Amino acid sequence: MIQAIGSRLFSSLLVIVGSLALVFCIFYLLPGDPVLSMVDPTTVSPEVVENLREQLGLNRPFHERLLAYFGDMLTGDFGRSLVGSEPVLPKILHQVPSTLLLTAASALVAIVVGVTLGVLSAVRKGGIIDLLARIVGLFGISMPTFWSGILLILIFSVQLKWLPAMGSDGFKTLILPALALGFVGAGSIVRMVRGSMLDVLNEPFVTTLRAKGLRERLIQIKHVLRNALIPAITLIGMQIGDMLAGTVIIETVFSRQGIGRILADAIMAKDLPVVQGIVFFTAIVYVGINLLVDLSYAAIDPRIRRKGART
């Protein structure tokens with residue numbers, strides 16, 4: 001297990017480095033000059049613009065800028081924002097709690113709704129609950145997050161006036177963004193859990209357990225659900241990563257503070273240090289989630305633990 005964790009950590013490091021290098025290359029190839037977003041070229045002389053470009057290192061060759069950036073990253077220096085000249089790391093850390101809270105709340109909605117409806121749909125196949133779960137799964141997969149967010153605002157904020165449509169202060173402002181983002185993830189989880197449950201219910205060992213006289217509910221929860229969650233956990237881990245990325249849209253729609261909204265503004269302004277800092281943070285969270293998913297397999301399936309002990 002230690003060797004497997006070490007291998008996963010090494011591959012995760014490669015993913016983080018590759019993500020940063022890819023973002024750097026994309027911004028390097030994009031047309032436009034970030035310096036022109038910092039000053040007004042009609043009121044500033046070309047000499048001032050060139051001096052500013054030299055101070056920021058934007059006139060250096062590609063390989064020198066790339067190596068310098070990774071060197072700064074190793075020392076914990078994320079640089080300064082090209083818009084406002086404030087340090088990147090404090091700017092990101094100040095907004096991280098809001099984004100993580102939104103991601104966690106959305107994941108909770110997706111897991112609770114997705115797993116519950118998926119299990120009920122499988123054990124009540126062909127019934128009304130099964131039909132409802134399949135409709136939820138279809139709409140969750142088909143509906144984009146920005147559309148579901150706007151729809152929730154129109155219903156619960158504009159028409160019913162139950163919940164605020166904007167802001168990031170208090171629990172009420174978290175409900176609609178979490179529902180909009182979590183509903184999309186719930187759609188995929190419903191379909192995966194339902195399919196896995198139906199496959200396991202047809203396994204021979206389930207027939208054996210029923211022949212031994214075990215209660216149906218005990219079989220469904222203790223034996224069938226545990227086996228059905230193995231493929232579902234992989235999807236849940238991927239969905240949490242997608243929700244973290246989806247905060248860019250949701251925080252913009254609901255005017256919430258967070259790194260997603262900062263990222264959208266930084267991309268528009270070609271603020272490369274801020275974008276790279278957010279990508280670095282997002283990559284760490286994403287690979288950390290995938291590592292926890294891999295470790296959770298052993299906690300759910302005893303066969304994986306025994307296999308790891310033998311190796």
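Overview of values
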item	result
Matching entry among Ile111, Ile92 (being surrounded by 16 or more Cβ atoms within 10 Å (Cβ to Cβ), touching a Phe, Trp or Tyr at 6+ places or on another chain (Cβ under 7 Å), modelled with pLDDT of 80 or more and not in a loop (DSSP other than H, G, I, E, B))	Ile92
Residue under evaluation Asp130, criteria (1) over 17 Å from Thr252 (Cβ atoms); (2) open to solvent by 70 Å² or more (accessible area, probe 1.4 Å), criterion not met	(2)
So Leu152, is it modelled with pLDDT of 85 or more, open to solvent by 80 Å² or more (accessible area, probe 1.4 Å), outside any loop (DSSP other than H, G, I, E, B) and under 18 Å from Gly246 (Cβ atoms)	no
Out of Met166, Met143, sole residue that is in contact (Cβ under 8 Å) with a residue 12 or more places away in the chain and open to solvent by 90 Å² or more (accessible area, probe 1.4 Å)	Met166
Residue list for region 71-108, restricted to those being out of contact with any Lys or Arg (no Cβ under 9 Å at 6 or more places or on another chain) and within 18 Å of Asp169 (Cα to Cα)	Leu93, His94, Val96, Pro97, Leu100, Leu101, Thr103, Ala104, Ala105, Ser106
Failed condition for Ile240, given (1) open to solvent by less than 30 Å² (accessible area, probe 1.4 Å); (2) of a type in the set (Val, Ile, Thr); (3) more than 30 Å from Val83 (Cα to Cα); (4) modelled with pLDDT of 80 or more	(1)
Members of region 202-222 that are buried (at least 17 other Cβ atoms within 10 Å of the Cβ) and either of a type outside the set (Val, Ile, Thr) or in contact (Cβ under 8 Å) with a residue 24 or more places away in the chain (or both)	Leu209, Gln220
Condition met for Thr116 (farther than 30 Å from Gln55 by Cα, among the β-branched types (Val, Ile, Thr) and open to solvent by less than 20 Å² (accessible area, probe 1.4 Å))	no
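The values are calculated or read from the model by the stated rules, or taken from the named source; none is laboratory data. Everything quoted here is computed from the prediction, not taken from an experiment. Note that we place each Cβ from the backbone using ideal geometry, even for glycine, and neighbour counts take in every protein chain shown. Surface accessibility is based on the protein's heavy atoms, side chains included, excluding ligands, DNA and RNA. Shrake-Rupley method; radii C 1.70, N 1.55, O 1.52, S 1.80 Å.
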